[in-house]
1. Just the residues that are at pLDDT below 95 and crowded, with 22+ Cβ neighbours inside 10 Å, please, taken from region 141-156.
2. Return the only residue of 220, 227 being under 21 Å from residue 164 (Cβ atoms) and outside any strand (DSSP E or B).
3. Counting only residues that are small (Gly, Ala, Ser) and either buried (at least 21 other Cβ atoms within 10 Å of the Cβ) or touching a Phe, Trp or Tyr at 6+ places or on another chain (Cβ under 6 Å) (or both), how many does region 192-203 have?
4. If we only count strands (runs of 3 or more DSSP E) wholly inside region 79-128, which ones have 3 or more residues that are under 24 Å from residue 142 (Cβ atoms) and touching a residue at least 40 places away in the same chain (Cβ under 8 Å)?
5. Which pairs turn up if I take residues in region 62-74 that are over 11 Å from residue 241 (Cα atoms) and look for partners that are acidic (Asp, Glu) and in a strand (DSSP E or B) with beta carbon separation below 7 Å, at least 6 apart in sequence or on another chain?
6. I'd like to know if region 49-57 contains one or more residues that are within 17 Å of residue 226 (Cβ to Cβ) and modelled with pLDDT under 95.
7. Of the conditions (1) more than 20 Å from residue 106 (Cβ to Cβ); (2) buried (at least 19 other Cβ atoms within 10 Å of the Cβ); (3) modelled with pLDDT under 95, residue 235 fails just one. Which one is it?
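The values are calculated or read from the model by the stated rules, or taken from the named source; none is laboratory data. Predicted model only: the values in this text are computed from it and were never measured. For neighbour counting, all protein chains shown are included, and Cβ atoms are generated from backbone atoms with ideal geometry for every residue, glycine included.
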Amino acid sequence: MKTFRPLYLLTVMILIVGLACGLSGGGSDTPSQTQLEQPQNPPTQQEEPQSPSNEQPSGSAFFTEEFDQDPGWWYFLTQGEEKTDNISVEFTDGLMIFDFQDTGIFAYYMFDDYTYEDVRIDIRAENRGKNNNNVSLICRMSDEGWYEFSTEGGGLWYLYAVTFNEDGKAVYNRIDNGGAASLKQGKEVNEYGMLCEGEEITLFVNGKELKTRVEDDYSFREGLVGFNISSLNVFRIILEVDWFKISEP
């Protein structure tokens, strides 16, 4: 297994767009609810990395985030930037709650203290709104692109290699798709998993393996991990994320 190493390649990119941080509501010292600030920009091909520094990121590379408060990861949109008035992302009662009151919103939340080569990521989320939504897992995000495993509420899944066009906008290149019989549809709780190891990407829903795909066309090697919540052609979309786990393969 190849090991992780601290994030260096994307330092300038993240400094330019800024880290996502929580905006506390009210004046109390221990607010019960925290809401994210406006999203920052996604990565683009044009941004150049700076030379590595000697500073090491704090914390562990492998852990489970339970969202007792805003961990301050990188939050951005690839679609729906003009709809921020209809987007709410809050942390309350140990949940990260996405509330979208419009269609066509793609919101990302990326752990930006480390980059990973081989890694497994898992997420547990409950649908509390319309069923036509997307829950996605992302590995190896860099200024070259990333891999994204996306599952619709209706039971279809897609594997994308996301690249950038000449304007720096995200382009979703579908490299595989299928059906997830193990997905619980409607207002249910589901767990999603993605294993990125070498040239193989393995996909899971509720502990059931969907497929292992050998991917050597785009060959993304290393990058950030995180997740995406999206609204498609209906709203209101409400997803409650219970936890997100990063583990060794």
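1. 153
2. Values: 227 fails: outside any strand (DSSP E or B).
Exactly one of 220, 227 is under 21 Å from residue 164 (Cβ atoms) and outside any strand (DSSP E or B), namely 220.
3. Taking region 192-203 and keeping what is small (Gly, Ala, Ser), we get 193, 198.
Narrowing further to those that are either buried (at least 21 other Cβ atoms within 10 Å of the Cβ) or touching a Phe, Trp or Tyr at 6+ places or on another chain (Cβ under 6 Å) (or both): 193.
Looking only at that region, the number is 1.
4. Those strands (runs of 3 or more DSSP E) span 105-116, 119-127.
5. 71/65; 73/112; 74/112
6. Initially, region 49-57 is screened for residues within 17 Å of residue 226 (Cβ to Cβ), giving 57.
Filter again for modelled with pLDDT under 95, leaving 57.
Checked against the condition, which is being within 17 Å of residue 226 (Cβ to Cβ) and modelled with pLDDT under 95, region 49-57 yields at least one hit.
7. Checking residue 235 against (1) more than 20 Å from residue 106 (Cβ to Cβ); (2) buried (at least 19 other Cβ atoms within 10 Å of the Cβ); (3) modelled with pLDDT under 95, the one that fails is (1).
Residue-wise test of (1) at pLDDT 95 or above; (2) under 19 Å from the mean Cα position of the chain (by Cα); (3) surrounded by 13 or more Cβ atoms within 10 Å (Cβ to Cβ).
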residue	(1), (2), (3)
175	yes, yes, yes
178	yes, no, yes
190	yes, yes, yes
205	yes, yes, yes
210	yes, no, yes
216	yes, no, no
225	yes, yes, yes
229	yes, yes, yes
